[in-house]
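A short write-up of the structure that comes next.
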Amino acid sequence: MLPSSLHIAILSEDAERAQRLRDAFDLLGLASSPYTRETPTTWLDQTNPVLVFVDLLDESHRMSHIRTALEITGRFNKPVLLLSPCAANALPDAFQDESDPFHYLHPDFSPRELRLSLELACLRNTLNRRVKDQIQLTRSVIHHSGQALIQLDPQGIVLFMNAEAERLTGWMLQLARGRRLVEVFRSRDSREAGELERFICEGGVMPAPTQWLYPYDGEPVQVQRELVPVARENGEAVGYFLIFGPPAPAGLRNGGEKSSLLNGLARTS
């Protein structure tokens, strides 16, 4: 279902086509306003449209309109529907490294196809925002944890790490991201490092909870570690958190609070 207050901004350089689009929206009982690429993106704040309809049929303006569409989804978190002759991904090679956040509509659409495409564009935007919010929440928890934390993908590749993890490993996040865990969380011998990576990739028996960590620069330090899987409801692992730090005294080794925090964070859908 479309929001009752849905207001659509039409980005098009063709006045006649923009008017035809307005007529199509009127038939659905939806309000719309036309804009051109000469209009600063501040109109998004001024009019607060719920959805932006971008016309890509004009070849001479296609690149600039794609840039504007990417800014709208990235900066303003608005749903975008692209009017395009392509039924699928219409991003040119210049944008091939970008994930495609758009929904597309062909020029000869029917009123039913228009309504359905608007609904799908709004739904896709809602789901994308939820994912972004969850990523931001995860990283906020990592940053504010007193423990050293490294976030990994299912293959043991570093995605994110907090300041304490940077301090203990000697690696900056910008340099560590995209590397194998065994390159960043270095052990004194390859066998010990291999055990941890093998556990991530294959499962089995978790390696011993303590090891000597050899930072990128500085003296080796003994650490206590725990690997917490991030799992879907069906139990499939979609990543891991590696938690580590100096071993606590025997009488203080109670990780209840830490485990509760991360186990709640690790449950995903």
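The values are calculated or read from the model by the stated rules, or taken from the named source; none is laboratory data. The shown structure was predicted, so the numbers you read here are calculated from the model rather than taken from an experiment. Note: ideal-geometry Cβ built from the backbone for every residue, glycine included; neighbour counts use all protein chains shown.
Residue-wise test of (1) at pLDDT 70 or above; (2) of a type in the set (Gly, Ala, Ser); (3) farther than 17 Å from Phe160 by Cα.
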| site | (1), (2), (3) |
| --- | --- |
| Leu227 | yes, no, no |
| Asn234 | yes, no, yes |
| Gly251 | no, yes, yes |
| Gly256 | no, yes, yes |
| Arg267 | no, no, yes |
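May I ask you to list the residues in the range 115-158 that are under 16 Å from Val228 (Cβ atoms) and modelled with pLDDT of 80 or more? Listed by number, the residues that qualify are Gln147, Ala148, Leu149, Ile150, Gln151, Leu152, Asp153, Pro154, Gly156, Val158. Is it true that Gln211 is without any contact (Cβ under 8 Å) to a residue 40 or more places away in the chain and polar (S, T, N, Q)? Here the answer is yes, as Gln211 does meet what is asked. Condition test on Pro3, is it under 30 Å from Asp133 (Cα atoms), over 26 Å from the mean Cα position of the chain (by Cα) and modelled with pLDDT under 80? Spelling it out, it is not the case that Pro3 is under 30 Å from Asp133 (Cα atoms), over 26 Å from the mean Cα position of the chain (by Cα) and modelled with pLDDT under 80. When Leu149, Leu168, Leu196 are checked against the criterion of being of a type outside the set (Gly, Ala, Ser) and under 22 Å from the mean Cα position of the chain (by Cα), Leu149 stands alone in meeting it.
Residues satisfying the criterion are present in the range 216-231 (criterion: in contact (Cβ under 8 Å) with a residue 12 or more places away in the chain, in a loop (DSSP other than H, G, I, E, B), surrounded by fewer than 18 Cβ atoms within 10 Å (Cβ to Cβ) and of a type in the set (Ser, Thr, Tyr)). The set of residues in the range 8-58 that are modelled with pLDDT under 85 and outside any helix (DSSP H, G or I) comprises Thr36, Arg37, Glu38, Thr39, Pro40, Thr41, Thr42, Asn48, Pro49, Val50. Applying the selection to the range 160-195, what residues are part of a helix (DSSP H, G or I) and touching a residue at least 40 places away in the same chain (Cβ under 8 Å)? Glu164, Ala165, Leu168, Thr169, Leu181, listed by residue number.
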